[in-house]
Amino acid sequence: MIKFFRNIRQKLLREKKLGNYLLYAVGEIILVVIGILIALQINDWSEHQKELELEGEYYCRLAEDVVLDMEQMSNLLSLAEDRLNASNDAVRLLLSEEVKKVDAGNLISLSIRSIYSDFQPNNSAYEDLKSGANLNIIRDKSVIQALNRYFNRVEELKSIIMVNGKYAVDISFSHTDNFANGYNQASIINGRFSVGLDEDLNRAFPIDDEELLSNEMKSRLLGEALEYVSVNTRQVELYGKLLNEISELEDLLSKKCSLEEL
């Protein structure tokens with residue numbers, strides 16, 4: 001093609017058609033410019049398509065992270081509901097006239113099991129998105145706002161959850177004799193000590209599963225069980241709020257992911 005255009009130019013010069021030669025040269029320049037512009041547009045289109053593809057990948061990765069958050073939060077909420085049920089059962093038991101230490105220790109232990117669990121949101125895609133210039137890839141800025149709001153809300157509610165959990169744990173740790181309240185007996189029979197203690201050590205603690213709580217200890221545990229009801233009620237409420245936050249974000253990101261895949 002280049003040889004073809006060169007031959008035309010040389011022919012015009014030989015025939016001394018200078019005017020035609022100049023017109024041809026200008027036309028050739030225009031064609032070159034148009035070719036360059038077309039190439040640039042194709043390159044821009046290609047880069048734009050790559051950005052759209054990357055944006056879609058981020059929507060789907062973010063959605064996958066949020067699904068993992070939902071699974072984690074659903075588990076934490078279920079544990080909180082189990083604790084609330086156990087703490088109500090503990091109050092019901094401790095209102096009885098006679099209360100066995102083992103029964104009280106078992107229900108109190110269930111009332112605070114995993115109460116200090118910490119929710120850790122999956123934010124690998126979000127952190128990757130924030131690095132470099134990747135954040136600009138997301139064209140819908142409402143998505144960025146939703147993500148920022150979500151992670152800020154998580155930190156806000158997590159701090160309250162952890163404070164409440166620590167309050168319950170501190171109540172439990174305030175006891176200096178865990179045989180008097182039945183904690184150790186319950187743990188030796190069907191708790192951690194039943195697994196962690198060597199068999200000879202387990203036998204060294206003969207347990208009377210009919211032994212009753214003292215009236216003083218029963219009164220103390222009743223007050224503490226009521227506190228556990230209060231704490232677990234709050235935990236269920238807070239985990240429920242977090243689950244709603246996660247659900248809303250998951251709905252938004254899943255729709256974005258589905259649209260990009262079409």
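Miscellaneous remarks
- At least 1 residues being touching a Lys or Arg at 6+ places or on another chain (Cβ under 7 Å) is the threshold, and among the helices (runs of 4 or more DSSP H) wholly inside the stretch 141-248 those reaching it are 141-173, 183-190.
- Residues satisfying the criterion are absent from the stretch 202-209 (criterion: within 15 Å of ASN106 (Cβ to Cβ), at pLDDT 95 or above and not aromatic (Phe, Trp, Tyr)).
- The number of residues in the stretch 51-73 that are in contact with a helix residue (DSSP H, G or I) (Cβ under 7 Å, 6 or more places away or on another chain) and of a type outside the set (A, V, I, L, M) comes to 9.
- Restricting attention to the stretch 159-177, the residues being in contact (Cβ under 8 Å) with a residue 60 or more places away in the chain, over 16 Å from ARG113 (Cα atoms) and either surrounded by 15 or more Cβ atoms within 10 Å (Cβ to Cβ) or acidic (Asp, Glu) (or both) number 0.
- Exclusive hit being more than 30 Å from the chain's Cα centre (by Cα) and not charged (D, E, K, R), set LEU147, LEU84, LEU94: LEU94
- If you go through the stretch 111-130 and keep only what is surrounded by fewer than 17 Cβ atoms within 10 Å (Cβ to Cβ) and small (Gly, Ala, Ser), you end up with SER114, SER124.
- The residue that is nearest to the chain's Cα centre (by Cα), among those in the stretch 97-110 that are of a type outside the set (D, E, K, R) and assigned to a helix (DSSP H, G or I), is LEU110.
- Subset tally (residues that are of a type in the set (Ser, Thr, Tyr) and free of Cβ contacts under 8 Å to residues at least 60 places away in the same chain) for the stretch 188-233: 4
- Residues in the stretch 210-242 that are closer than 24 Å to SER174 by Cα and among the acidic types (Asp, Glu): 4 in all.
- Test set (1) surrounded by fewer than 20 Cβ atoms within 10 Å (Cβ to Cβ); (2) closer than 22 Å to GLY182 by Cα; (3) charged (D, E, K, R) - ARG61 fails condition number: (2)
- Of the criteria (1) in a helix (DSSP H, G or I); (2) within 17 Å of VAL236 (Cα to Cα); (3) among the aromatic types (Phe, Trp, Tyr), which one TYR126 fails: (2)
- Some residue of the stretch 112-123 being farther than 18 Å from SER230 by Cα and not in a loop (DSSP other than H, G, I, E, B): no
- Residue check, GLY191 at pLDDT below 95, surrounded by 14 or more Cβ atoms within 10 Å (Cβ to Cβ) and under 15 Å from MET217 (Cα atoms): no
The values are calculated or read from the model by the stated rules, or taken from the named source; none is laboratory data. This is a predicted model, so every value here is computed, not measured. Glycine gets a Cβ as well: all are built from the backbone with ideal geometry, and neighbour counts include every protein chain shown.
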